[in-house]
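Heads up: the structure comes next, in C-alpha cells.
The values are calculated or read from the model by the stated rules, or taken from the named source; none is laboratory data. Treat the numbers as computed from the prediction; the structure is a model and nothing was measured. Every residue, glycine among them, receives a Cβ derived from its backbone with ideal geometry; neighbour counts consider all protein chains shown.
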Amino acid sequence: MGKTVLILGGGTSGVAAANVLRKLLGEQHRILVVDRGGKHYFQAAYPLLMAKLRNPEQITRSLDRLQEKGVEFIQAEVEELLPSQNQVKTTAGLLRYDYLIVALGAELHPEAVPGQKETAYNPYDIHAVHRLQRELEFFRSGTIVLFIASLPYTGAVGPYEIIFLIDAWLRRRKVRSQARLIHITPEPALFPFAGRKVSSSLEQMLRQRDISLITNAAIQAVDKQRHAVILADGRAIFGDLLIGVPAHTGPLALKNGPLVLDEGWCAVSPHTLHAKIQYGDGSHVAEAENIFCVGDAAAIRMPANGMWAPKAGIFAHYQAEVVARNIALSITGQAPRFRYRSKGAGAVMISGFNQGRILSIDYYASPPRTAMLWPSAAAYLAKAAFEKYWLKYWLY
Ligand SMILES: Cc1cc2nc3c(=O)[nH]c(=O)nc-3n(C[C@H](O)[C@H](O)[C@H](O)COP(=O)(O)OP(=O)(O)OC[C@H]3O[C@@H](n4cnc5c(N)ncnc54)[C@H](O)[C@@H]3O)c2cc1C
C-alpha cells in the first residue's frame, strides 16, 4: 500500500528531501510539501542581491514547480502537530502522514528588539534586501552599522558576506574613504564554533578592510530618533544606515506540541535526526519513530562544548538527504543505514567581488575540526555554480 511522506516547509531542506524521496520512491507513494508561502528563495544569494549581482527573480522559484516532478504542494500555514493521530493541523485542514519531516526553518523576529523593525533594514528578507540594494547604490558618505540581534542565527557566513560586499562595492564606487563601517555581534569571538584560528583570521580581514568590530554585544534597542543601535552597557552606536539581522526562534508551530524543544528548537537524535517526543504527562521522552526534524529548525549542539552548531543550508541539505534516504529504505522494507555526520566541507564565505574563502567544519568531532582557506576566485565561482545547480536541478 502507498505511504504518505509529509514535509513541512519548502525551503532548503524541504525541497531537498522532496526531490530525493521522489527519485527513490514509486508513484504509489505520496510526497506532500506544505509551506506558508508559494515561493522558494535561495537565501544564500541575498548578499549578492544586495550588491546588485542578482535580481530577485533569479533567486526565486515557485514551489508549484514541485508538482511537475510528482511532488504535491499545498500552500498553507502549519498550525499544530498531532503525532498521536499521525496528523498535522494546517489552515488547509488536517493532513495525514505515515512519515513526517519537519523542515520549518527558523522564525525571524525583527520586532524582538524595540525600534529595529522601523529603523533597520532586514538583510534576511528578500524585499528589504532589494530596497537596501537601491540605498547602497546611491550611498555617498556616512556610517553603516550592521548588527546581529541575538544568537543563534542562520547562515553563519551571511552577515560577514554582507559587510565585505558593502566594503567592496563602496570601494568600487570610490566612496569608501567617506564611509565608516561597523560590525556588531553578540558572539564572543567571530565564528566561535570554528575555533581561535578561524576567528582571528576573520578579525584580521575586518581590520584590513578598516571595518570596526564590536563583539559580545547585547543589543537592547534601536533608537529611531537618534538613528543608533543601543547596547545593554549603555553605548549608542550611531549610523546613517542601519542593517540588523533579526532575532531567530524555532518554529512557532512546534511551540505547544508534544515534540521536545531545546530553547524553542526541535530536539533531535544527532545522527538519525529523529525528533524527540514526550509521552503521557511529559515524564517519558523517546525518539518519535516516524517524525524527523532537519535544517535550521533542528536543535543541534556541538558535543565538545554544548554550543549551538552553525545553522546553514549546507547542513540542512545533508540532513534532508540522510532522512529522505532512510525513509525510502524503511518504506521499501530495508533497514535505514544513513547517518548524519556533520561534515560540511565546501561552504564558501564570499569575501569580496569575485572572491571567497572555503570553510570546512566537522562540528561533531571533539574538538571540532575546522579550516578556512585563503581567498580565491575559485571559491567564489564554486559558490555561484552551486546556486545555479540548486535552482536548476531541485526546482527546474
Ligand atoms: C542572508 C543569508 C545568507 C545565507 N548564506 C548561506 C550560505 O552561504 N551557505 C549556507 O549553507 N547557508 C546560508 N544561509 C542559511 C540557509 O539559507 C539556511 O540554513 C537554510 O535555508 C535552512 O533551510 P531550512 O529548510 O531549514 O529552512 P528554510 O530554508 O528557511 O525553509 C523553511 C520553510 O518553512 C516555511 N515555514 C515556516 N514556518 C511555517 C509554517 N508554520 N507553516 C508553513 N510553512 C512554514 C517557510 O516559509 C520556509 O519556506 C544563509 C541564510 C541567509 C538568510
Inset, instruction - Tell me which of these residue 383 doesn't satisfy, since it passes every other one: (1) exposed (fewer than 15 other Cβ atoms within 10 Å of the Cβ); (2) farther than 22 Å from residue 265 by Cα; (3) basic (Lys, Arg); (4) touching a residue at least 60 places away in the same chain (Cβ under 8 Å). - result: (1)
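Please enumerate the residues belonging to region 351-376 that are touching a strand residue (DSSP E or B) at 6+ places or on another chain (Cβ under 6 Å) and in contact (Cβ under 8 Å) with a residue 40 or more places away in the chain. Don't jump to the end; show me each part of the working.
First pass over region 351-376, keeping only residues touching a strand residue (DSSP E or B) at 6+ places or on another chain (Cβ under 6 Å): 351, 356-362, 369-373, 375.
Result: 351, 359, 361, 370, 371, 372.
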Legend entry - Failed condition for residue 277, given (1) within 16 Å of the ligand (Cβ to nearest atom); (2) touching a residue at least 40 places away in the same chain (Cβ under 8 Å): (1)
Legend entry - Odd one out for residue 184, checked against (1) more than 15 Å from the ligand (Cβ to nearest atom); (2) surrounded by fewer than 20 Cβ atoms within 10 Å (Cβ to Cβ); (3) not polar (S, T, N, Q): (2)
Inset, instruction - Kindly list the number of the only condition in (1) more than 19 Å from the chain's Cα centre (by Cα); (2) of a type outside the set (Val, Ile, Thr); (3) surrounded by 23 or more Cβ atoms within 10 Å (Cβ to Cβ) that fails for residue 45. - result: (1)
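Please enumerate the residues belonging to region 329-350 that are farther than 18 Å from residue 313 by Cβ and in contact (Cβ under 8 Å) with a residue 24 or more places away in the chain.
Taking region 329-350 first, the residues farther than 18 Å from residue 313 by Cβ are 329-339.
Of everything in region 329-350, those that are farther than 18 Å from residue 313 by Cβ and in contact (Cβ under 8 Å) with a residue 24 or more places away in the chain turn out to be 330, 331, 332, 336, 339.
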Legend entry - Any hit, region 270-291, residues being touching a strand residue (DSSP E or B) at 6+ places or on another chain (Cβ under 7 Å), among the acidic types (Asp, Glu) and part of a loop (DSSP other than H, G, I, E, B): no
Inset, instruction - Might you let me know whether region 341-349 holds any residue that is over 23 Å from residue 198 (Cα atoms) and within 19 Å of the chain's Cα centre (by Cα)? - result: no
Legend entry - Exclusive hit being under 25 Å from residue 39 (Cα atoms) and either more than 20 Å from the chain's Cα centre (by Cα) or buried (at least 20 other Cβ atoms within 10 Å of the Cβ) (or both), set 142, 155: 155
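Looking at region 337-381, which of its residues are part of a strand (DSSP E or B), among the polar types (S, T, N, Q), in contact with a helix residue (DSSP H, G or I) (Cβ under 6 Å, 6 or more places away or on another chain) and more than 13 Å from the ligand (Cβ to nearest atom)? Lay out the reasoning, then the answer.
Initial filter on region 337-381 (part of a strand (DSSP E or B)): 343-352, 355-362, 369-372, 376.
With the extra rule that they be among the polar types (S, T, N, Q), the set shrinks to 351, 355, 360, 370, 376.
Next cut, in contact with a helix residue (DSSP H, G or I) (Cβ under 6 Å, 6 or more places away or on another chain) only: 351, 355, 370.
If the condition is that a residue be part of a strand (DSSP E or B), among the polar types (S, T, N, Q), in contact with a helix residue (DSSP H, G or I) (Cβ under 6 Å, 6 or more places away or on another chain) and more than 13 Å from the ligand (Cβ to nearest atom), then 355, 370 are the ones that fit.
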Inset, instruction - Take residue 308 and decide whether it is out of contact with any strand residue (DSSP E or B) (no Cβ under 8 Å at 6 or more places or on another chain) and within 14 Å of the ligand (Cβ to nearest atom). - result: no
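Of all residues in region 98-111, how many are within 30 Å of residue 269 (Cα to Cα), of a type outside the set (A, V, I, L, M, F, W, C) and either surrounded by fewer than 17 Cβ atoms within 10 Å (Cβ to Cβ) or away from the ligand (no atom under 13 Å from the Cβ) (or both)? Break it down stepwise before answering.
Step one: filter region 98-111 for residues within 30 Å of residue 269 (Cα to Cα), giving 98-109.
Next cut, of a type outside the set (A, V, I, L, M, F, W, C) only: 98-99, 105, 107, 109.
Subset that is either surrounded by fewer than 17 Cβ atoms within 10 Å (Cβ to Cβ) or away from the ligand (no atom under 13 Å from the Cβ) (or both): 98-99, 109.
Number of matching residues: 3.
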Inset, instruction - Name every residue in region 324-347 that is of a type in the set (A, V, I, L, M, F, W, C) and modelled with pLDDT of 95 or more, in order of residue number. - result: 324, 327, 328, 329, 331, 335, 338
Inset, instruction - Find all pairs meeting these conditions: Cβ atoms under 7 angstrom apart; at least six residues apart or on different chains; first residue within region 33-55 and under 20 Å from residue 66 (Cβ atoms); second residue near the ligand (Cβ under 6 Å from one of its atoms) and hydrophobic (A, V, I, L, M, F, W, C). - result: 34/78
